[in-house]
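Working notes for the structure below.
The values are calculated or read from the model by the stated rules, or taken from the named source; none is laboratory data. None of these values were measured; they are calculated from a predicted model. Here the Cβ positions follow ideal geometry from the backbone for every residue, glycine too, while neighbour counts run over all protein chains shown.
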Amino acid sequence: MPFATVSTVNIIQPSTKLILRWGVGGRIATAADRHIDDEHTLAACKNRRQGTIFAVQRFMNQSIIKRSAVAPNGKPILFLHVTKCGGTSLRSALIHSLSSEGTSAAALYQLDAVGSTALAIKVGMDTFALRDLLLTTQLNNREIRFIAGHFRYTTALHQDEMSDCTSITILREPVDRFLSLFYYNSYKSIDYGRESLPLEEYITTPKARRNAEDYVRIFRGNGVAHGDYATEQEVQLACDNLDYFSVVGCLDRIDEFVNAFEDATTYSLDIPRLNTTPAPLTERYADLSSDILSEIERLCAPSVVVYQKAQRLVNAGSDRKVDRPQTSA
């Protein structure tokens, strides 16, 4: 369901204007010029989900500093990490490369996925709406050189800032990813995200459909509740929004991704293999009948369209032109 604006807070300072539009349930729909003075922000929002504002700011633990168009030592890197797409290995390689070039640990921001989920539950927010705020904060922090995490792309909050960083993401064939995620969650050792249902039952659940549509929900950019199912229009939005990323890769063509990344930056990558599934080899795919596979393919159809767009971007190679938003004068 699209955001329904129920109240608006305007904070005007000599050089600063913040507009927060609160949607149903306190979700944030849009924000503009997020150079925020904490004292004024908290005072103005005192009667509007005060606990949420305080909790989010404590979690951020950094002030918001508007970054110049070109940050020192080149553009920072934003890695939008989609689960079970080789991102943990890639993130490790990125951090190693940046650190070896002298980037300090304080300049490397990694989202705490479990902590941000717990906080969102505590303050009554959609998890990805809260992560939208965390990502916006880091994109506007001139001290940060690297940002990585399970974020989504939201046009109103992130499009302009995408021009100021090297933004990257990598995707995996959707059916392969769906099964990898299921088996990983079924055998993981921690409770967070653990799956207890057998595959045959799992594919009938709303959770399975949402996971199958992840590529649309992550890249559609319209800020609706992250749990909402994908629409046909949103599939096209997700495809179009991939054009704003500096480097888009496919896991089964990792060498091409590495080459494109190294061409776009001054860094080299040596990618290890991490976060592999704990599921025993004998257990994986043992319950995968042709009927179950057909249903998974049906569920993943929206994400397949987005993945095909990613493949076309990879195919374009060095001839690809990265779209940039039109900024107002």
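Observations, loosely collected:
- Here Glu195 passes the criteria (1) out of contact with any helix residue (DSSP H, G or I) (no Cβ under 6 Å at 6 or more places or on another chain); (2) surrounded by fewer than 23 Cβ atoms within 10 Å (Cβ to Cβ) except the one numbered (1).
Here is a yes/no grid of residues against (1) hydroxyl-bearing (Ser, Thr, Tyr); (2) without any contact (Cβ under 8 Å) to a residue 60 or more places away in the chain; (3) within 21 Å of Ser180 (Cα to Cα):
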residue: Cys85; (1), (2), (3): no, no, yes
residue: Glu101; (1), (2), (3): no, no, no
residue: Asp112; (1), (2), (3): no, yes, no
residue: Gly115; (1), (2), (3): no, yes, no
residue: Ala118; (1), (2), (3): no, yes, no
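- Candidates Val114, Val82 - the one that is surrounded by fewer than 18 Cβ atoms within 10 Å (Cβ to Cβ) and either more than 13 Å from the chain's Cα centre (by Cα) or closer than 23 Å to Arg220 by Cα (or both): Val114
- Residue list for region 200-234, filter: under 15 Å from Val305 (Cβ atoms), in a loop (DSSP other than H, G, I, E, B) and β-branched (Val, Ile, Thr): Thr231
- The conditions of being at pLDDT below 95 and not polar (S, T, N, Q) are not met by Ala148.
- Counting only residues that are among the hydroxyl-bearing types (Ser, Thr, Tyr) and in a helix (DSSP H, G or I), region 153-162 holds 1 of them.
- Here region 159-179 is the region considered, the condition is being out of contact with any strand residue (DSSP E or B) (no Cβ under 9 Å at 6 or more places or on another chain) and surrounded by fewer than 20 Cβ atoms within 10 Å (Cβ to Cβ), and the residue that is modelled with the lowest pLDDT is Ser163.
- Any hit, region 209-224, residues being surrounded by fewer than 21 Cβ atoms within 10 Å (Cβ to Cβ) and either under 23 Å from Ile254 (Cβ atoms) or more than 18 Å from the chain's Cα centre (by Cα) (or both): yes
- Tallying residues that are surrounded by fewer than 15 Cβ atoms within 10 Å (Cβ to Cβ), in contact (Cβ under 8 Å) with a residue 24 or more places away in the chain and under 22 Å from Pro302 (Cα atoms) within region 198-208 yields 1.
- Unmet requirement for Ser180, which otherwise passes all of (1) without any contact (Cβ under 8 Å) to a residue 60 or more places away in the chain; (2) at negative phi: (1)
- Those residues of region 117-149 which are under 24 Å from Gly74 (Cα atoms) and either among the polar types (S, T, N, Q) or surrounded by fewer than 19 Cβ atoms within 10 Å (Cβ to Cβ) (or both), in sequence order: Thr136, Thr137, Gln138, Asn140, Asn141, Arg142, Glu143
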